[in-house]
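What follows is a single structure, written as structure tokens, with notes after it.
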Amino acid sequence: MNTDRFEEIFYKIFFNRLKDELRDRHLPLAKALEESEIQIPSDDSLGDAADGRYQMGLFLTRMNNLISAKDDFKRKTVVMLFDEFTYLYIWLKKKLVDEEFMKYFKAMLNEYDLVAVAAAQDYIGEFISAYPNQFGTTEMIPIDYLSEEAVQLMVRTPFGKIADWEVFHGKAGDDAIKRIIELTAGSAFFTMIMLDRLVDYLNTANQPFVTPAVVDRVLKNEILSGNNPLALDKFESLYNDDGDISDPYRPVHNLVLLWAAARAEDGKKGAWAQKDIYIPPEVKIVADLNRDRLSIIVDKLVKRGVLNRTTGKDEYLHRVGMFKEWLLGNCGPDVINGYHESLKQQLEEKDKKERPA
């Protein structure tokens, strides 16, 4: 990856997505562009990065002039949606993309009346701080898990469509949904996993109602074990914290801490303090995890919403109960050591690819 290659890919993706959007949702504007002989550049017509910038400017200028000239389109503007935007920050820090691109990015948004909406990981704040001029008008909106009311709707709605009776019936049904929320913390991703396995179980077991016991049975036999148990990578969003390139082994350190925390939480039947964390010598990287390091990791995990800090005390709880249960039943030194070796190999391979020839 280098700046020119990055930009070449960026322009191709931009024009292809724009073409799809116009065809699928804005056909009158697409026809108007065609009638005005304003063509969206194709992959074959795009050259290097400089040509991409030129064609981007030419097309957007002509399209904006068309929009301004026709009353039917005056409320139209191009909105660019970016997922995993933090990766651009990582590439900038690694010098894989030149910082000059950020100046161009801001100029492009301003000059052609574009709107950018970026979904990013935890380091977006550092990204904005590193480029205050480019992000001067940026509004940060934290995205959290679903509210209890939203989870209630998410859980009850699909079951209402597949059954003639109330699957979550009465107090037992209400308590079952509370148990689902304890296990998923309102994460749409983990809630979908639970519901998928729950539907399969209800069909197989011919079980008409969902109770807390049924939820726990599905957790134990369909999610943590059984024919298709969840693998570690399903929880990657919780332990994999790769935004800080100066701390590449933090994901495995996070995993160690979260595993030890699950054991402490299980042993205490509730919140744990940092002094309760014990890492056995079978974990090969135990020497890297002194108390200061663990304190840093805990603070980061609290900030990212993986751990909850109890009110008024330096005690903590896992937020996603499903992950805590997975760690207790499926994790241990062998899993951690295997992940450490895998991460080490990935970092070494990345270093080779990124090292100048």
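Listed by position, the helices (runs of 4 or more DSSP H) enclosed by region 187-255 that each have at least 2 residues that are over 30 Å from Ile124 (Cβ atoms) are 188-205, 212-218.
Out of Leu183, Leu198, Leu202, Leu153, report the one residue that is outside the structural domain of Arg53 (by TED's automatic domain parsing) and under 22 Å from the mean Cα position of the chain (by Cα). Give the steps one after another, and end with the answer.
Numbers: Leu198 fails: under 22 Å from the mean Cα position of the chain (by Cα); Leu202 fails: under 22 Å from the mean Cα position of the chain (by Cα); Leu153 fails: under 22 Å from the mean Cα position of the chain (by Cα).
Going through Leu183, Leu198, Leu202, Leu153 in turn, just one is outside the structural domain of Arg53 (by TED's automatic domain parsing) and under 22 Å from the mean Cα position of the chain (by Cα): Leu183.
With respect to (1) within 29 Å of the chain's Cα centre (by Cα); (2) loosely packed, with under 14 Cβ neighbours inside 10 Å, the lone exception for Glu111 is condition (1).
Looking across region 263-284, the residues that are over 21 Å from Ile296 (Cα atoms) and assigned to a helix (DSSP H, G or I) come down to Asp266, Gly267, Lys268.
Name the helices (runs of 4 or more DSSP H) wholly inside region 59-165 in which the number of residues that are closer than 30 Å to Gly186 by Cβ and touching a helix residue (DSSP H, G or I) at 6+ places or on another chain (Cβ under 9 Å) is 2 or more. Write out each step before concluding.
Numbers: elements: 86-93, 100-111, 124-130, 148-162.
Because the criterion is at least 2 residues that are closer than 30 Å to Gly186 by Cβ and touching a helix residue (DSSP H, G or I) at 6+ places or on another chain (Cβ under 9 Å), the helices (runs of 4 or more DSSP H) in region 59-165 that meet it are 86-93, 124-130, 148-162.
Just so you know, in region 29-45 the residues that are within 35 Å of the chain's Cα centre (by Cα) and not in a loop (DSSP other than H, G, I, E, B) include one that is nearest to Asn65 (Cα to Cα), and it is Leu29.
Screening His318 with (1) surrounded by fewer than 19 Cβ atoms within 10 Å (Cβ to Cβ); (2) under 30 Å from Val215 (Cβ atoms) gives one miss only, at (1). Cβ separations smaller than 6 Å between residues 6+ apart or across chains give the following pairs from region 164-181 residues that are among the acidic types (Asp, Glu) to residues that are part of a helix (DSSP H, G or I): Asp175/Pro212.
Could you say which residue among Lys106, Lys74, Lys95 is loosely packed, with under 13 Cβ neighbours inside 10 Å, outside the structural domain of Val306 (by TED's automatic domain parsing) and either touching a Lys or Arg at 6+ places or on another chain (Cβ under 8 Å) or closer than 27 Å to Ala49 by Cα (or both)? Break it down stepwise before answering.
On the way: Lys106 fails: loosely packed, with under 13 Cβ neighbours inside 10 Å; Lys74 fails: either touching a Lys or Arg at 6+ places or on another chain (Cβ under 8 Å) or closer than 27 Å to Ala49 by Cα (or both).
Result: Lys95 is the single residue among Lys106, Lys74, Lys95 that is loosely packed, with under 13 Cβ neighbours inside 10 Å, outside the structural domain of Val306 (by TED's automatic domain parsing) and either touching a Lys or Arg at 6+ places or on another chain (Cβ under 8 Å) or closer than 27 Å to Ala49 by Cα (or both).
Within region 85-99, being under 25 Å from Leu60 (Cα atoms) and touching a strand residue (DSSP E or B) at 6+ places or on another chain (Cβ under 9 Å) holds for Phe85, Leu88. Consider Ala120 carefully, then state whether it is under 18 Å from the mean Cα position of the chain (by Cα) and not β-branched (Val, Ile, Thr). When the stated conditions are applied, Ala120 passes them.
For region 118-141, the set of residues classified as exposed (fewer than 12 other Cβ atoms within 10 Å of the Cβ) and over 24 Å from Asp247 (Cα atoms) consists of Asn133, Gly136, Thr137, Glu139, Met140, Ile141, listed by residue number.
Within region 48-98, being of a type in the set (D, E, K, R) and either touching a residue at least 24 places away in the same chain (Cβ under 8 Å) or in contact with an Asp or Glu (Cβ under 7 Å, 6 or more places away or on another chain) (or both) holds for Asp48, Arg53, Arg62, Lys70, Asp72, Lys76, Asp83, Glu84, Lys93, Lys94, Asp98. Each residue in region 306-357 was checked for being assigned to a loop (DSSP other than H, G, I, E, B), at pLDDT 85 or above and more than 25 Å from Leu230 (Cα to Cα), and 2 of them qualify.
Looking at Lys269, Lys303, Lys344, Lys324, can you tell me which residue is over 23 Å from the mean Cα position of the chain (by Cα) and not assigned by TED's automatic domain parsing to the domain that holds Ile223? Quick ask: steps written out before the conclusion?
Values: Lys303 fails: over 23 Å from the mean Cα position of the chain (by Cα); Lys344 fails: over 23 Å from the mean Cα position of the chain (by Cα); Lys324 fails: over 23 Å from the mean Cα position of the chain (by Cα).
Only one candidate passes the filter, namely Lys269.
The values are calculated or read from the model by the stated rules, or taken from the named source; none is laboratory data. Just so it is clear, the structure is predicted and the values come from calculations on it, not from any experiment. Glycine also receives a Cβ, built like all others from the backbone with ideal geometry; neighbour counts cover every protein chain displayed.
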